[in-house]
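To start, the structure under review is shown below, and the notes come after it.
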Amino acid sequence: MSNYKLVESDAVEWLKTLDDESVDLLVTDPPYESLEKHRSKGTTTRLKMSKGSSNQWFKIFPNDRFPELFAEIYRVMKKNTHFYLFCDQETMFVAKPLGEKAGFKFWKPIVWDKEKIGMGYHYRARYEFILFFEKGKKKLNNLGIPDVLSSPRIRGGYPTEKPVDISKILIEQSTVEGEVVVDPFFGSASVGEAALSSGRNFRGCDIFEDAVTDGKERLSKLPDAYEFKEVAATPVNVLEEQDKEDSCQFDLQLA
């Protein structure tokens with residue numbers, strides 16, 4: 001059975017708690033800075049400020065934090081692994097060189113085709129990028145997969161939620177069963193569902209308490225998956241242990 005663990009935390013601070021070279025794959029979708037521009041222009045309704053808005057889910061992760069994020073991701077990734085970053089075209093021009101500076105090799109942007117156009121003014125968008133980075137050298141599991149992946153956007157769910165089937169392709173391309181997939185901005189936990197349903201283990205964090213609560217509920221419904229809980233070490237009373245040792249030595253002397 002696969003297992004998962006979700007934590008409420010800032011992404012970078014949580015990554016700092018992970019061991020060096022302990023992660024087999026990282027797939028994530030940060031709430032990138034350009035979302036603020038779309039809000040201000042009114043080109044996204046799902047993130048607008050309103051009484052019934054889902055805007056409370058999103059504390060923007062600013063572009064100037066990408067260097068520390070990429071440094072931690074590079075540190076925790078094992079040698080010969082992959083890293084996928086969902087982003088828009090504006091964020092891509094910021095993230096690509098910073099990822100390379102951290103040590104990753106950038107292969108190409110994969111295109112997620114949403115199949116229907118969205119909001120906008122100039123050539124209305126129906127796609128999103130997935131930046132494909134590599135640490136070391138690792139062959140994809142299936143060389144027949146194209147660089148354009150089609151799946152309709154999620155309607156009525158968590159804002160900016162990514163389709164499970166898209167994440168599942170990435171996971172099955174870059175890992176094998178039993179390996180660890182990480183998402184430090186897990187949001188809807190769709191990457192977690194994709195990982196667990198593929199027989200991989202999942203670790204993730206999100207800065208919002210409600211995301212963690214809802215994520216745990218979502219993943220708990222999956223068959224053949226369970227929440228990983230670390231067993232706390234039993235405290236040792238040094239004086240009691242010393243008394244036991246002294247008593248044993250006394251018994252031996254009497255024998």
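Where a number appears in this text, it was derived from the coordinates with a stated rule and is not lab data. Being a predicted model, the structure only gives us computed values, none of them experimental. We place every Cβ from the backbone using ideal geometry, glycine too, and count neighbours over all the protein chains shown.
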With the label point 7 Å along the Cα-to-beta-carbon line of Asp10 and a cut-off under 17 Å to each amide N, the hits in region 70-97 are 70-73
Within the under-14-Å Cβ sphere about Asn80, not counting Asn80, Lys/Arg +1 and Asp/Glu -1 give a net charge of +3
